[in-house]
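Asker: Starting off with a structure, shown below.
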Amino acid sequence: MTDRWHDFWRGAIGEWILTRGLHIIMLLIAAVLAVRFVTWVAEQVTKQLDVGFAESDALVRSEANKHRQAVASVIQWVSIVIIAIWVIVQIADVLQFSVAGLIAPATVLGAALGFGAQQLVKDLLSGFFIIVEKQYGFGDLVALTVTGVNEEARGTVENVTLRVTRLRSSDGEVFTVPNGQIVKTVNLSKDWARAVVDIPVSTSADLNRVNEVLHQECERALDNPLLGELLLDAPTVMGVESIAVDTVTLRVVARTLPGKQFEAGRQLRVLVIRALARAGIVTAADATVGLVDDAGVSSAQVDEAEEENIEGAVQKR
C-alpha cells in the first residue's frame, strides 16, 4: 500500500493535484475569504451609520448618511464582481487555458452577448448616475415611474446597487426595480418636505375670523411638543384655495423634515380643527371625514387624543 500511494503521488494525476489542483483550491479559498471580508466591512460601515443615527437627536437621516450607505452597498457589489473575475482569470492561467483558438467563437459569442446584455449595461450606467448624482439613497421615500408599468413604484429605499433599486412600500411589499427602466424619480424626502393641509369651511363662515384663527394657530405650532420637532419653520396660511357651491377651502402649508410631511400634516390638521372648533367655526363635513381618515380619530375625540399625545411626549422627554 505504501508503494502504491507513493507511485500515485509521483504519477501524473498526483503531481497535478499537488501543483495545479492545490493552487486552484487555494485560489477558491482566498476568493471566499475575500468576499466574506468585503461583506463584513460593508456590514460594519452600515452598522456604524445606523448606530450613529440612533444615538443622535436627529429624527431623520442626513443626506450624507443616506449617500454613504448607498455607496457602501455599491462598493460591496462591485468588489465581489471584481474578485470573481480575478479568480476566473487566475484559474484559467493555472490550467494553462489558451484562448487563442477561441478568438473567432468568442467574437460571435461576444456580439450575441452584446445584444442580449444591452439592458444590463443600461441598468449599470443608470445605477452609476443615480449614485453619482445623489438622486436618492438609503431610507429615502421615493416614487419611481417605471417603463411599461402604469402605477408608480412608491416606497422607502432599502438598497441601491448599480443594477437594481429595492423599495419597501407602506404595505410591506418589496419592489425590485432595474435602474435602466426608471424614467422618472420623485424624491419625497430630499433635504426637506412640505405638508399641505386643506381646510374646507362653510360659505357662511366669516373668512376674516377663519384666517385670524389659522394665523394664530400657525404661530403657536412650533410650541407643540409633537409638531414642533417635525417643522423647520412656522406654517403659512396661503388663503383661499378653491370655492365650491357650499364650501370655501383654505390652504395651510408647512416645511417639514424630509419624509415627515404626512405625519406633520396629520398633526397640523388636528390642531387646526381644534382651534376652529374652539372659535365656534363649523367646518364642512369633508374636513371631519378627512380628519377621521388621516388622524384616526373622530372630531369628538380630537381634544382627548391630542392631550394624551402631548402628555406622553412631555413624559418621554
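The values are calculated or read from the model by the stated rules, or taken from the named source; none is laboratory data. All values reported here derive from a predicted model rather than from experimental measurement. In this analysis, Cβ positions are derived from the backbone assuming ideal geometry, glycine residues included, and neighbour counts consider all displayed protein chains.
Asker: Please determine whether any residue of region 163-170 is surrounded by 15 or more Cβ atoms within 10 Å (Cβ to Cβ), hydrophobic (A, V, I, L, M, F, W, C) and farther than 25 Å from Gln261 by Cα.
Answerer: Keep residues of region 163-170 that are surrounded by 15 or more Cβ atoms within 10 Å (Cβ to Cβ), which gives 163-167.
Keeping just the survivors that are hydrophobic (A, V, I, L, M, F, W, C) gives 164, 167.
So of that shortlist, the ones also farther than 25 Å from Gln261 by Cα come out as 164.
Yes, the conditions are met somewhere in region 163-170.
Asker: Would you mind finding the one in Glu229, Glu173, Glu217 that is of a type in the set (Asp, Glu) and not assigned by TED's automatic domain parsing to the domain that holds Gln261? Write out each step before concluding.
Answerer: Values: Glu229 fails: not assigned by TED's automatic domain parsing to the domain that holds Gln261; Glu217 fails: not assigned by TED's automatic domain parsing to the domain that holds Gln261.
Of Glu229, Glu173, Glu217, the one residue that is of a type in the set (Asp, Glu) and not assigned by TED's automatic domain parsing to the domain that holds Gln261 is Glu173.
Asker: So which of Gly259, Gly239 is under 29 Å from the mean Cα position of the chain (by Cα) and in the same structural domain as Ala279 (by TED's automatic domain parsing)?
Answerer: Details: Gly239 fails: under 29 Å from the mean Cα position of the chain (by Cα).
Going through Gly259, Gly239 in turn, the sole match is Gly259.
Asker: With respect to Ala275, determine if the residue is buried (at least 21 other Cβ atoms within 10 Å of the Cβ) and outside any loop (DSSP other than H, G, I, E, B).
Answerer: Values: buried (at least 21 other Cβ atoms within 10 Å of the Cβ): no; outside any loop (DSSP other than H, G, I, E, B): yes.
Answer is no for this residue.
Asker: Cβ-Cβ distance below 8 Å, separation of 6 or more or different chains: which pairs start in region 232-247 with a residue that is under 13 Å from Ser204 (Cβ atoms) and end on one that is small (Gly, Ala, Ser) and modelled with pLDDT under 85?
Answerer: Pairs found: Asp246/Ser202; Asp246/Ala284; Thr247/Ser202; Thr247/Ala284.
Asker: Hey, another quick one. Which one is surrounded by the most Cβ atoms within 10 Å (Cβ to Cβ) among residues in region 194-220 that are modelled with pLDDT under 85 and of a type in the set (Gly, Ala, Ser)?
Answerer: If we take residues in region 194-220 being modelled with pLDDT under 85 and of a type in the set (Gly, Ala, Ser), then Ala205 is surrounded by the most Cβ atoms within 10 Å (Cβ to Cβ).
Asker: Step by step: first the residues of region 171-192, then only those that are at pLDDT below 85 and surrounded by 13 or more Cβ atoms within 10 Å (Cβ to Cβ), then the one that is farthest from Thr249 (Cα to Cα). Which residue is that?
Answerer: Applying the filter and picking the extreme gives Lys190.
Here's the yes/no breakdown for (1) assigned to a helix (DSSP H, G or I); (2) modelled with pLDDT of 80 or more:
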{"residue": "Gln96", "(1), (2)": "no, no"}
{"residue": "Gly101", "(1), (2)": "yes, no"}
{"residue": "Pro105", "(1), (2)": "yes, no"}
{"residue": "Gly110", "(1), (2)": "yes, no"}
{"residue": "Leu113", "(1), (2)": "yes, no"}
{"residue": "Lys122", "(1), (2)": "yes, yes"}
{"residue": "Ser126", "(1), (2)": "yes, yes"}
{"residue": "Ile130", "(1), (2)": "yes, yes"}
{"residue": "Gly137", "(1), (2)": "no, yes"}
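Asker: Assess whether Thr176 counts as being part of a strand (DSSP E or B) and either under 21 Å from Arg68 (Cβ atoms) or of a type in the set (Lys, Arg) (or both). Reasoning before the result, please.
Answerer: Working: part of a strand (DSSP E or B): yes; either under 21 Å from Arg68 (Cβ atoms) or of a type in the set (Lys, Arg) (or both): no.
The answer is no for Thr176.
Asker: Would you check which residues across region 235-253 are in a loop (DSSP other than H, G, I, E, B) and surrounded by 16 or more Cβ atoms within 10 Å (Cβ to Cβ) and list them? Walk me through it before giving the result.
Answerer: Narrowing region 235-253 to residues in a loop (DSSP other than H, G, I, E, B): 235, 244-246.
If the condition is that a residue be in a loop (DSSP other than H, G, I, E, B) and surrounded by 16 or more Cβ atoms within 10 Å (Cβ to Cβ), then Pro235 is the only one that fits.
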